[in-house]
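Asker: I have a structure here, written as structure tokens, and I will follow up with some questions on it.
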Amino acid sequence: MDAQVQDNPDRNRFELRVDGDVAGFAAYRIRDGRTVITHSEVDPAFRGHGLGAELARQTLDQLRERGARVVPSCPFFASYVAAHPEYADLVD
């Protein structure tokens with residue numbers, strides 16, 4: 001299963017694609033120079049394969065590459081960051 005996350009700035013979300021199909025997304029807003037992750041979800045047809053974690057990991061890695069500060073308002077992203085302290089430096 002090939003899972004790739006790409007930013008779709010026109011829709012203000014990072015999209016998780018599995019074999020070309022959108023399987024999930026992480027919606028965001030830019031506020032005061034920070035990226036606020038407001039909501040994330042994985043399509044029910046793709047659940048149970050660790051894709052939520054993959055969405056979070058790739059999204060946070062891309063934001064790190066940009067030097068972005070992150071506010072994980074989405075409960076899933078907040079719990080992911082709490083469980084993965086290597087991303088704590090991104091949190092504002």
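Asker: Can you find, within the range 44-92, the residue that is nearest to residue 17 (Cα to Cα) among those that are of a type in the set (Lys, Arg) and in contact with a Leu (Cβ under 9 Å, 6 or more places away or on another chain)? Walk me through it before giving the result.
Answerer: Initially, the range 44-92 is screened for residues of a type in the set (Lys, Arg), giving 47, 57, 64, 66, 69.
From what is left, the residues that are in contact with a Leu (Cβ under 9 Å, 6 or more places away or on another chain) are 64, 69.
Details: 64: 20, 69: 24 Å.
My answer is 64.
Asker: Further question: Can you work out which of the residues in the range 1-43 that are more than 18 Å from residue 69 (Cα to Cα) and basic (Lys, Arg) is surrounded by the fewest Cβ atoms within 10 Å (Cβ to Cβ)?
Answerer: In this case the residue turns out to be 11.
Since every read-out is calculated from the coordinates, none of them should be taken as a lab result. Since we're looking at a predicted model, the values are computed, not measured. Quick reminder, even Gly has a Cβ in these numbers, built from the backbone with ideal geometry, and neighbours come from all protein chains shown.
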